[in-house]
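Comments concern the structure below.
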Amino acid sequence: MNDFLTGIMALQTAFQQVEKLAEGPGASKLIALKPLLESSSLELEREFNRILQILQPGLGQRTRRKWLGQRLKWPFQKGDVEQILQLLERHKSALVVAMNSDQM
């Protein structure tokens, strides 16, 4: 679970960095990237927040014992993980293509 959480957090950080790049001084040169970010930004942030909320439940919401039991149980089904990874991979690939085309 830690590897999955670490990977999700790393992708979220990378996406946020790309968003900052698209808002920076050279943003006018990012012809392919800006529209893509605008269309996928909300979906990705919502997905990142949903995943992190599931993987990092607050201690105040449950008793310590119940919280520990939840932490020991993997909260996703195999299909859920595959769907999440496909969504993230699709957006990551689209961002890479857009960034590469803007560099040409």
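What number of residues within the range 3-12 satisfy the criterion of being within 13 Å of Leu85 (Cβ to Cβ) and either modelled with pLDDT of 80 or more or open to solvent by 40 Å² or more (accessible area, probe 1.4 Å) (or both)? Don't jump to the end; show me each part of the working.
Step one: filter the range 3-12 for residues within 13 Å of Leu85 (Cβ to Cβ), giving 3-4, 7-8, 11.
With either modelled with pLDDT of 80 or more or open to solvent by 40 Å² or more (accessible area, probe 1.4 Å) (or both) added as a condition, the list becomes 3, 11.
Residues in the range 3-12 being within 13 Å of Leu85 (Cβ to Cβ) and either modelled with pLDDT of 80 or more or open to solvent by 40 Å² or more (accessible area, probe 1.4 Å) (or both): 2 in total.
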Take the residues in the range 43-86 that are of a type in the set (A, V, I, L, M, F, W, C) and modelled with pLDDT of 80 or more; name whichever of them is most open to solvent (accessible area, probe 1.4 Å). Leu85
Positions within the range 13-42 being open to solvent by 70 Å² or more (accessible area, probe 1.4 Å), in contact with an Asp or Glu (Cβ under 8 Å, 6 or more places away or on another chain) and part of a loop (DSSP other than H, G, I, E, B), in sequence order: Ile31
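Can you tell me which residue in the range 87-104 is nearest to Phe4 (Cα to Cα), limited to those that are hydrophobic (A, V, I, L, M, F, W, C) and exposed (fewer than 15 other Cβ atoms within 10 Å of the Cβ)? Write out each step before concluding.
Quick first cut of the range 87-104, residues hydrophobic (A, V, I, L, M, F, W, C) only: 87-88, 94-99, 104.
Narrowing the set further to residues that are exposed (fewer than 15 other Cβ atoms within 10 Å of the Cβ) leaves 87, 96-97, 104.
On the way: Leu87: 14, Val96: 21, Val97: 24, Met104: 33 Å.
If we take residues in the range 87-104 being hydrophobic (A, V, I, L, M, F, W, C) and exposed (fewer than 15 other Cβ atoms within 10 Å of the Cβ), then Leu87 is nearest to Phe4 (Cα to Cα).
How many residues, within the range 78-104, are in a helix (DSSP H, G or I) and either free of Cβ contacts under 8 Å to residues at least 24 places away in the same chain or in contact with a strand residue (DSSP E or B) (Cβ under 6 Å, 6 or more places away or on another chain) (or both)?
Filtering the range 78-104 down to residues in a helix (DSSP H, G or I) leaves 78-103.
Imposing the further condition that a residue be either free of Cβ contacts under 8 Å to residues at least 24 places away in the same chain or in contact with a strand residue (DSSP E or B) (Cβ under 6 Å, 6 or more places away or on another chain) (or both) reduces the set to 78-80, 82-83, 85-86, 89-90, 93, 96, 100, 103.
Looking only at that region, the number is 13.
The values are calculated or read from the model by the stated rules, or taken from the named source; none is laboratory data. Keep in mind it's a predicted model, so treat the numbers as computed, not measured. Reconstructed Cβ throughout: ideal geometry from the backbone, glycine too, with neighbour counts over all protein chains shown. Surface areas here come from the heavy atoms of the whole protein model, side chains and all, with no ligands, DNA or RNA. Shrake-Rupley method; radii C 1.70, N 1.55, O 1.52, S 1.80 Å.
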